[in-house]
Amino acid sequence: KPRRKSEVIIFFRLLCYCLLFTVYYSFASLIVEFLHFANLSHGPDWNLWRATFGPWATCLTPVLYIFLSSQTHIPHVVIVNALFLLMPLNSPLMVCVYCLCRYDYKEMLHNSTFCLVPRGRRLGSFRFLEALQAACVPVMLSNGWELPFSEIIDWNTAAVIGDERLLLQIPTTVRSIHQDKILSLRQQTQFLWEAYFSSVEKIVLTTLEIIQDRVLEHGSRSSMMWNSHPGGLFALPQYSGYLGDFPFYYATLGIKPYPKFTAVIHAVSPLVSQSQPILKLLVAVAKSQYCSQIIVLWNCDKPLPAKHRWPATSVPVIVIEGENKVMSSRFLPYETIVTDAVLSLDEDTVLSTTEVDFAFTVWQSFPERIVGYPARSHFWDSNKERWGYTSKWTNDYSMVLTGAAIYHRYYHYLYTNYLPTSLKSMVDQLANCEDILMNFLVSAVTKLPPIKVTQKKQYKETMMGQSSRASRWADPDHFAQRQTCMNKFASWFGAMPLVHSQMRLDPVLFKDQVSILRKKYRDIERL
């Protein structure tokens, strides 16, 4: 009787497979792959490959298969043999045992538009996450299954929710989805995977943030924060409950950032002469039509200079004395910064009013990025097997130093409240690398490179006296410290977040053979 019972079960399973085969036979590009990889499903190379924002996220490349369904642990070899016998020569049903056909499962995932996720031993959880990772749109066939983080994630934007009782309608349903919608679904799978599922740490952090939103409901994140870039882990509700205060949602909300900036000048040298670069910088920045106020962060060991020592300007000049006088204090979220844009400057930076104006107008089009002048780059040193830092003039860059750059004030809040104390302490102890850390943070949030403006390359810190604290650039250990910082930061972020760019933005008529009077930023060509 037990044997007869098992034969009946096998018969009904064969009947189900035949039914599926009959339904899918009319679709030439349909593939159902039956894989036997009992041991492989838990292997180190199976669940942990990293997701990237590759071609599956940025464009809809041609795919070989409309459907992909994996069936692990087929219970009896008789079923496999029967499926091979049932498969005709030109059938769209491809029955494949992994060890025989030698198909690469990951490659097949990436070559499929939709991935069927039916009920399984683990409720399809592995297949579901694999589909997300490969930008394959999950087709859910498990009624009553609560999708992960469904409290905050709108899965209708990343998956097709089917009804397992209406299995025959699935092919027609997915074929009716427009190509633009498919692209949107695939992009959303990549965003959700990278934001919440790509590591155990992100899964745990997401869980804790959901619990916090439940407890502090009045300060919880909105659905838009969770379901749009950069995600709920980077959009901190403690900063603001209004989406317009974040740089990521301007385009979606149809608004623009505040049309003024606040300049923050980091001063570390005493004011001993009226010809010092910081005083010239104050005058040049104050003349900008977009300048709202200037904040001088006094991190010098000497006492504050008298008010009459500062030049007279048309905008308010606020001098703040740093309490700890550390490098990270330049990125504190000061309440006196009331504009969206922050123009971060070193005391020895030399910029003209025209350069300040042009950089700010460019930033208004890219409010989520760092926009500025001094560019640097990173590279992988294969000999030392570590990341390297270079200031050479090359054909690309991945950082814009904050000694002359504009960015959104929200990054001050993220720098202070998101980054770990260990990284900020390292920066303060070395009195170095704070600009690199800010670039790491912004690139990790946006997944985008900074933007360099104009051809200006020289960073004018060499004008300071060699006895000044600003002469840290002349320290022989300075460059080695920055190399070390690069690798420490990359280790904490889990990967290298910096993105290379070959784009530089110049004024439209820059160096064109037209009258100089027709050029809005004519002074830039003379510099």
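The values are calculated or read from the model by the stated rules, or taken from the named source; none is laboratory data. Note that this is a predicted model, so its numbers are computed, not measured. Note that we place each Cβ from the backbone using ideal geometry, even for glycine, and neighbour counts take in every protein chain shown.
Data overview
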{"read-out": "Enumeration of residues in region 323-339 that are closer than 28 Å to TYR258 by Cβ, surrounded by 15 or more Cβ atoms within 10 Å (Cβ to Cβ) and out of contact with any strand residue (DSSP E or B) (no Cβ under 6 Å at 6 or more places or on another chain)", "value": "MET327, SER328, SER329, PHE331, LEU332, PRO333, TYR334"}
{"read-out": "Unique match (being small (Gly, Ala, Ser) and closer than 13 Å to ILE152 by Cβ) among SER176, SER220", "value": "SER220"}
{"read-out": "Leading residue by the ranking (farthest from GLU525 (Cα to Cα)) among those in region 434-459 that are polar (S, T, N, Q) and in contact with an Asp or Glu (Cβ under 9 Å, 6 or more places away or on another chain)", "value": "THR446"}
{"read-out": "Residue within region 270-293 that is farther than 27 Å from THR353 by Cα and hydroxyl-bearing (Ser, Thr, Tyr) present", "value": "no"}
{"read-out": "Qualifying residue in region 405-421 (condition: modelled with pLDDT of 95 or more, over 23 Å from PRO230 (Cα atoms) and not hydroxyl-bearing (Ser, Thr, Tyr))", "value": "no"}
{"read-out": "Candidates TYR407, TYR411, filtered to the one that is in the same structural domain as ASN487 (by TED's automatic domain parsing), outside any helix (DSSP H, G or I), closer than 30 Å to ILE524 by Cβ and of a type in the set (Ser, Thr, Tyr)", "value": "TYR407"}
{"read-out": "Test: residue in region 356-363 that is β-branched (Val, Ile, Thr), buried (at least 21 other Cβ atoms within 10 Å of the Cβ) and in contact with a helix residue (DSSP H, G or I) (Cβ under 8 Å, 6 or more places away or on another chain)", "value": "yes"}
{"read-out": "Count of region 185-200 residues which are surrounded by fewer than 17 Cβ atoms within 10 Å (Cβ to Cβ) and either farther than 18 Å from PRO230 by Cβ or at pLDDT 95 or above (or both)", "value": "1"}
{"read-out": "Failed item in (1) assigned to a helix (DSSP H, G or I); (2) farther than 16 Å from ALA404 by Cα, with PRO247 passing the rest", "value": "(1)"}
{"read-out": "Matching residues in region 168-200 - criterion: being within 20 Å of LEU132 (Cβ to Cβ), without any contact (Cβ under 8 Å) to a residue 24 or more places away in the chain and in a loop (DSSP other than H, G, I, E, B)", "value": "ILE177"}
{"read-out": "Subset of region 241-264 (residues that are at negative phi and free of Cβ contacts under 8 Å to residues at least 24 places away in the same chain)", "value": "GLY241, TYR242, LEU243, GLY244, ALA251, LEU253, ILE255"}
{"read-out": "Criterion (assigned by TED's automatic domain parsing to the domain that holds ILE406 and either surrounded by fewer than 20 Cβ atoms within 10 Å (Cβ to Cβ) or within 27 Å of ARG330 (Cβ to Cβ) (or both)) met by exactly one of ALA267, ALA235", "value": "ALA267"}
{"read-out": "Test result for SER240, in contact with a Ser or Thr (Cβ under 6 Å, 6 or more places away or on another chain), surrounded by 13 or more Cβ atoms within 10 Å (Cβ to Cβ), in a loop (DSSP other than H, G, I, E, B) and small (Gly, Ala, Ser)", "value": "no"}
{"read-out": "Test: residue in region 215-227 that is in the same structural domain as LEU116 (by TED's automatic domain parsing), crowded, with 17+ Cβ neighbours inside 10 Å and in contact with a helix residue (DSSP H, G or I) (Cβ under 8 Å, 6 or more places away or on another chain)", "value": "no"}
{"read-out": "Of residues in region 230-289 being touching a strand residue (DSSP E or B) at 6+ places or on another chain (Cβ under 9 Å) and of a type in the set (Ser, Thr, Tyr), the one farthest from PRO367 (Cα to Cα)", "value": "SER288"}
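Yes or no, residue by residue, for (1) of a type in the set (A, V, I, L, M, F, W, C); (2) touching a residue at least 60 places away in the same chain (Cβ under 8 Å); (3) surrounded by fewer than 17 Cβ atoms within 10 Å (Cβ to Cβ); (4) closer than 30 Å to GLY244 by Cα:
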| residue | (1), (2), (3), (4) |
| --- | --- |
| ALA375 | yes, yes, no, yes |
| PHE379 | yes, no, yes, no |
| GLY388 | no, yes, yes, no |
| ALA404 | yes, yes, no, yes |
| LEU437 | yes, no, no, yes |
